[in-house]
Structure formats: structure tokens, C-alpha cells
Amino acid sequence: MSVLPGRLQRKVQLAISAIVVIPMLVAGWLAAEWVSTNFEKRIEVWIVDAARANQNWLEAYQNDAVMLGRVLADDPSYVPGITLYPDIAMPSPVSRIAQGMGLTLLQVYNPDGKLLYSSIPLRVQTTWETGQTGAVLKVVRKNQSMLAAVGITPVPPKGKPQYYLVVGSLLGQDFANELTQLTGMKTRLYYREGRDYYDVFSNPAQPMTLKHLTKDMARRLEAERKPYYSAYAEDGEYRGVYTPIVDSTGRVEAIMFSGLERRTFTDLLTNRAALFFWIALLGIVIGGLTGLLLTRLVLKPIEYLRNGVMQLAGRNFNATVPIHSNDELGDLAKAFNAMAARLRAARNEERQRHQRDKLAAMGELSAALAHEIRNPIGVISTSAAMLEKPGLDPAKKAELTRMLREESTRVARLVQDFLHLSRHRQPNFDVIDPALPMERALGANIAGNDAVTVHKDFRHDGVRILGDAGLLQQAWSNIFANAVQAMSDVPQPELRVTTLCKGNEVQLAVEDNGPGVSPDIMPRLFEPFFTTKEHGTGLGLTIAYTLAEANGGRLEALPPKRSGARFVMRFPVYEGEAE
């Protein structure tokens, strides 16, 4: 793309950035803030609700165990380990109820904590506190670590206990998997041992301590007994809730974790910076595509128009602009093509008229030259014929010879001036003082003529111009020669030479005190072969005018300030450094 459309395209891109991209970035940041905040809140609500379901599921086991324990405590005669017949199982109705509740564990302990009976062979590794009605205990069955959610009922219910009924269910990895399938979240159960909490499911061979909560958070869980939500739970791998499992006495007996794994999509929707980055990237892409679309729809036709105008400015009138649409840009292209066609026709007409004018000027110039040469040739021919006559007087012969020589010189000078006019050489530009060629020409034209008084007033302040000093000296020589000839009959001839710098232009003027130039003939002074002198060629001022133009200047004939004739040359000031 060319230079101008490139700048225009940058302006369009900046405008799009100001109009589209920047507001989109602001809206994107606000949207990212709103989406991330609301999505995070919705995830938190969902996780908290799901964790509550897991908590209810576990508490249901314990409540059922407590209820069944109270039923058995009302009639302990059929409880093995208490009755006189320790091998007698529970009555079938009670057994069916326990099986329906999913309760598979029944143990009997004496007040000292000694195990009297267990329906399942296992070893309890943690115990309950006095007065505790529910607990999550760590047990080992067949060398496999498990948890048991149990209800603890004293027998008799009132008074000093003689036995303790421990009724509940064994919780293994299947229980955690069941809760995961139920809510779709990762579930971990941390049982309590002393003041620490352990996870026995993740690694049965080596239970893990709950280290993901700070001590302050653990104290808050035990003191407030309320769930605690963390967006970076379990070492930042999950969003989850730590729910305290509290028995009837208010003691935290376990902590259940329910969490949702942090994944790329959810992280994107909750990460303000990442969400804003993608929204900003989308906005920039949309802005770029919009810029490209505008380039295709608007800037490309403008580029065609610009190239066409540049070609037209370079005088290539054959330039045309392709038309791709019927909108305003298409109308501009049509108007440009019509304008180029009219300019092309005007150029052709101008060329034809210039050719005609050139031929006419050549005819006038040839006629003027022929007229100027005809008179000297006639004199030369007549003089030569008279010299051929015998017995010619010597004085007459000398006069005829003089006339031959003068007219031959006149013709030679006329031809030389004509050649100067038609084939002046190309200027050799240099940085010069504009007054220097004028002073040299003045000195050459008044050399030996002490009668001419010269007044100089140079005020061009040392400015420089680009010009050919030799050609300018020749131009000034023609002007000074005319001035000196015009003052030949003046008693006290004077020349006033001045220079003046005005703005970025330097003016050089010469004024004589001769008879001056009539206002009627002043417009014709620079026409070839126009002269008011008896023996002039009429080419001196024409040559001076041509040489001034060749050097980038302008020669003018102006009304005098005093009397006589006044000529001024104007040149642009050279702004560069002098060489």
C-alpha cells in the first residue's frame, strides 16, 4: 500500500480503537468482573448445597443408628453380649429394620470400654468421648482401614450405664464413591483422633492428616460448627466445602470435604484476568477484522482515487480509476474518469493549439528575421554592383566598401543574437551572490565611459540565490547596453543600481535617466525583433528575459521612480547552506 493510504489506514485503525476496541475493553473488563463474580458465587452455592446433601447422607446413617440403638436399649434382653444367651442374634423384625437402614455393625461394650460383642470381626482404633451419642470411628477389618458412622446408646438409657450399644455402618471407599456419584463432587471424610483429623480413604496404608486448612480455620470449624468454603481447597486442586460433622453434644467428630476439581473452563469463567484477556483478544480481533473490512470497502477505493490523482498531477491524463460499486465512492470514481477524459481532450486541444501557435510564431519570427536581413542584404547587393562599375571614384569606392563591412557586421550580429535566443545553453547552477553578475556587467559596459555616474544601494543582506553567474552577467550586459545607448544624448547620464530582500525574494533593479519607455510600447519590450532603435536587432531584451527565466527568475519593465527606464529582476532566496 502506498504512503498516504498507509497513514489513512492507521488513522482508521486508531478511530476503530477509540470507537470499538477501547469501549469493548472497558465492557470486557466489566463483563469479566460480573461473570467471574457471579459464576464463582453460583459455583459456591452449588458446592455448598451438594456438601449439605453429603452431610445429610452421613447424618442419616448416624440418626438411624441412634434410633435403632434406643429401640434395643428399651429391651436389651435380646441383645447379644447382654443377655444370658450371648449367641442369640437380634430378633428378626429388628434385624430386618437394621438391614433396611443399611446398619451392619452392632457392638456391646462394658462401662470400662471392653468389647463384649461385635457382629463383625474388626478392631476399633479410635474411641468415643463420654456422653457422645454419635461418632465417626476408624476401624480395621481384614487388615483394611475403614470408618464407621455409629450411634452410641447407654443401657439403661437413664441412670448409670451398664453397657454401651454401638450401632452403625461401615464406611469404605465405596461410600465415598457413592457420594461422588450422588453429587458429582469429590468427597473425602476426615475422622478425628485427638485434635487432628485424618483421611483414611485416599491412602488406606497411610492415613493423611488434614493440612489444607490453617489452624485458624480449623479452630473456626470447631468453634462455630459451620461449613467453610474455599476456592483453593486441598492444595488448590479443588473448590470445596469443609463441613463439620457434629454429634448431639456439639462436639465436632469428623470433617467432610466436598469439592469440585478446578478445570480450565471453570477457571476461565472465574479468573478475571484470563477472562478479560480473552475478551480483549476477541475485541482486538474484531477491531482488526473491522479495519480490514473498511480497508476493502472504503480505503481501497480511496487508494485508487489517490493514485489516479497523483498520476493526473504528473500530467498522465490517461489515468483511470476502477469502479467497483454504485455508492458515493463509485460516483467519485466515475466523476474522476470523466474529469480525466475532459483533461485529456483539453490537453490534446492545447497541444494542437500550441503547435499552431508555434508554427505561427515561427512564421512571424522568420518573417521578422527575413525583414531584418533583407535591408542589409539589399545594401550589400547594391554596393557590390556599384563596385563592379569601371572608373569608380576612389572616395566613392571607399564609401561603398565601408557600407559593405557595416552591413555584413550587422547581419552577423543579428544571426548571433538569433542563435543566442533560440539555443541558449543550460544554466550551470551554483549558490551565488545575486549582485555579483550585475556588478560585473555594469563594470564592463561603463568601462572608459567616465561620463556615466553610478549610484549603488545594496540591501539584500548577503542572501544567496541559485543561478549561473555567466548567463546572468550576459543578461545584465544587454540591459546596461540598452541603458547606456539610451543616455547617449543626456548631458549628465546616471545609473541607479539597487538590491532589496523582501520576504523570500530578492529584487535587483537598474534605472537610467534617459528618455524612458512609452507606456504604449512597454508590454512589447520583450518581443523578439521589437526595437525603437534605428539600427537595433530587437533581441537584446528578449535574450535577457529568456536568461532570467532559465535561472529561475523573472525580468520586468516597471514605471521609473524618477525618469528614464527601470528594469527589475526577481529571484527566490536560496534557503540552504552556502557551498
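The values are calculated or read from the model by the stated rules, or taken from the named source; none is laboratory data. Only a predicted model underlies this, so the values are computations on that prediction, with no experimental measurement involved. Every residue, glycine among them, receives a Cβ derived from its backbone with ideal geometry; neighbour counts consider all protein chains shown.
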### Cβ-Cβ under 7 Å pairs, at least 6 apart or on other chains, region 97-118 side in contact (Cβ under 8 Å) with a residue 24 or more places away in the chain, far side buried (at least 18 other Cβ atoms within 10 Å of the Cβ) and charged (D, E, K, R)
Met101/Asp64; Leu103/Asp64
### Message
Consider region 114-145. How many of its residues are surrounded by 15 or more Cβ atoms within 10 Å (Cβ to Cβ), among the small types (Gly, Ala, Ser) and not in a strand (DSSP E or B)?
### Response
1
### Message
Given the criterion under 20 Å from Asn513 (Cβ atoms) and of a type in the set (A, V, I, L, M), identify the matching residue among Ala475, Ala481, Ala469.
### Response
Ala481
### Query
Within region 501-509, is there a residue that is of a type in the set (D, E, K, R), within 58 Å of the chain's Cα centre (by Cα) and assigned to a loop (DSSP other than H, G, I, E, B)?
no
### Task
Please find, within region 435-487, the residue that is farthest from the chain's Cα centre (by Cα) out of those that are buried (at least 16 other Cβ atoms within 10 Å of the Cβ) and among the acidic types (Asp, Glu).
Glu439
### Task
Within region 93-114, identify whether any single residue is hydroxyl-bearing (Ser, Thr, Tyr) and modelled with pLDDT under 75, and answer yes or no.
yes
## Note on the structure
Within region 324-346, the residues that are surrounded by 13 or more Cβ atoms within 10 Å (Cβ to Cβ) and either outside any helix (DSSP H, G or I) or of a type in the set (Ser, Thr, Tyr) (or both) are His324
### Message
Of everything in region 231-250, what is in contact (Cβ under 8 Å) with a residue 24 or more places away in the chain, under 23 Å from Ala60 (Cβ atoms), of a type outside the set (Ser, Thr, Tyr) and touching a Gly at 6+ places or on another chain (Cβ under 9 Å)? Give them in sequence order.
### Response
Gly240, Val241, Ile245, Asp247
